[in-house]
Amino acid sequence: MKDRIEVVVGDITQMQVDAIVNAANTSLLGGGGVDGAIHRAAGPELKEECRKLGGCPTGEAKITRGYRLPCRWVIHAVGPVWHGGTQGEEELLASCYRRALELAEEHGVRSIAFPAISTGAYRFPKDRAARIAVREIRCFLEAHPTIEKVFLVAFDEEMRGFYEKALEDEGLLRAKNDRDT
Ligand code: APR
């Protein structure tokens, strides 16, 4: 399992994987942050397709093609806005990971990259978001061998640290010089 989940620091729009996940909003019509970066890199056809999807509820995800991005699919997940943790935010974030992975599997995706959903404009605490991401991904991968690789794409070293701590706590952190065994 350790070699099926990997943390990287970088720009998710450059990931050479079958699918990348977008941290979208309920309109699916773009925004700032990673949503803006993905739409800029994909080109205008992405918004054209998104327009036909009729939005997406928080905690849910919808899939489109990747257009000018190097990936074949973009899975638009809508994370919760953090309101202190008393309004089901943790479960809604967990649901984003599950639904995105379900869609990925339905579309034959074997490699997928996630940004840190909800941890930017939506202000979800990064350490808690990292733990939810690792837990949900591990659980899904244990039951679905067809997804071979999940990248957790941190946009900065702070987020990488939170992901690595979460992996370590789950006994999934690969030693630096680990070869794929
Ligand atoms: N690649 C990878 N990660 C990125 C990139 C990028 N190019 N750009 C930003 N990030 C990271 C941020 O550093 C943060 O950790 O993505 C994480 C999510 O931050 P946001 O993009 O702000 O997303 P979120 O917090 O889920 O807020 C969603 O913001 O952009 C709008 O339309 C979007 O309304 C929605 C809201």
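Contact annotation: residue pairs with Cβ atoms under 6 Å, 6 or more positions apart or on different chains, pairing a residue in the stretch 22-39 that is in contact (Cβ under 8 Å) with a residue 40 or more places away in the chain and closer than 15 Å to Lys52 by Cα with a partner that is hydrophobic (A, V, I, L, M, F, W, C) and open to solvent by 40 Å² or more (accessible area, probe 1.4 Å), are Leu28/Leu53.
Consider the stretch 138-181 and keep the residues that are hydrophobic (A, V, I, L, M, F, W, C) and in a loop (DSSP other than H, G, I, E, B). The one that is modelled with the lowest pLDDT is Ala175.
Specify the residue that is least open to solvent (accessible area, probe 1.4 Å); the eligible residues are those in the stretch 4-22 that are more than 13 Å from the ligand (Cβ to nearest atom) and farther than 13 Å from Ala100 by Cβ. So that I can check it myself, show each step before the final result.
Start the filter on the stretch 4-22 by keeping residues that are more than 13 Å from the ligand (Cβ to nearest atom), which leaves 4-6, 16, 18-19.
Next, only the ones that are farther than 13 Å from Ala100 by Cβ stay: 4-6, 16.
On the way: Arg4: 44, Ile5: 6, Glu6: 50, Gln16: 153 Å².
Taking the candidates together, the pick is Ile5.
Just one residue in the set Leu69, Leu172 is over 13 Å from the mean Cα position of the chain (by Cα) and farther than 23 Å from Leu28 by Cα; that residue is Leu172.
Can you confirm whether Leu167 is of a type in the set (A, V, I, L, M) and more than 14 Å from the chain's Cα centre (by Cα)? Break it down into steps so the answer makes sense when it comes.
Numbers: of a type in the set (A, V, I, L, M): yes; more than 14 Å from the chain's Cα centre (by Cα): yes.
For Leu167, the condition - of a type in the set (A, V, I, L, M) and more than 14 Å from the chain's Cα centre (by Cα) - is met.
Of all residues in the stretch 108-124, those that are open to solvent by less than 10 Å² (accessible area, probe 1.4 Å) and more than 8 Å from the ligand (Cβ to nearest atom) have Cβ atoms under 7 Å from Cβ atoms of residues that are part of a loop (DSSP other than H, G, I, E, B) and not aromatic (Phe, Trp, Tyr), 6 or more apart or on another chain, in Val109/Asp18; Val109/Ile147; Ile112/Val17; Ile112/Asp18; Ile112/Ile147; Ala113/Met15; Ala113/Val17. Any residue that is buried (at least 22 other Cβ atoms within 10 Å of the Cβ), more than 13 Å from Ala23 (Cβ to Cβ) and away from the ligand (no atom under 13 Å from the Cβ) - is there at least one of those in the stretch 74-91? Checked against the condition, which is being buried (at least 22 other Cβ atoms within 10 Å of the Cβ), more than 13 Å from Ala23 (Cβ to Cβ) and away from the ligand (no atom under 13 Å from the Cβ), the stretch 74-91 yields no hits at all.
Scanning the stretch 40-52 for residues that are within 14 Å of the ligand (Cβ to nearest atom) and either free of Cβ contacts under 8 Å to residues at least 12 places away in the same chain or open to solvent by 50 Å² or more (accessible area, probe 1.4 Å) (or both) gives Arg40, Lys47. Selection of the stretch 54-73 for residues being within 13 Å of the ligand (Cβ to nearest atom) and not in a loop (DSSP other than H, G, I, E, B) yields only Ala61.
The values are calculated or read from the model by the stated rules, or taken from the named source; none is laboratory data. Keep in mind that this is a model prediction, so the values were computed, not measured. Don't worry about glycine lacking a Cβ; one is built from the backbone with ideal geometry, like all the others, and counts go over all protein chains shown. Note: accessible area is taken over every heavy atom of the protein model, side chains too, but ligands, DNA and RNA are not part of it. Shrake-Rupley method; radii C 1.70, N 1.55, O 1.52, S 1.80 Å.
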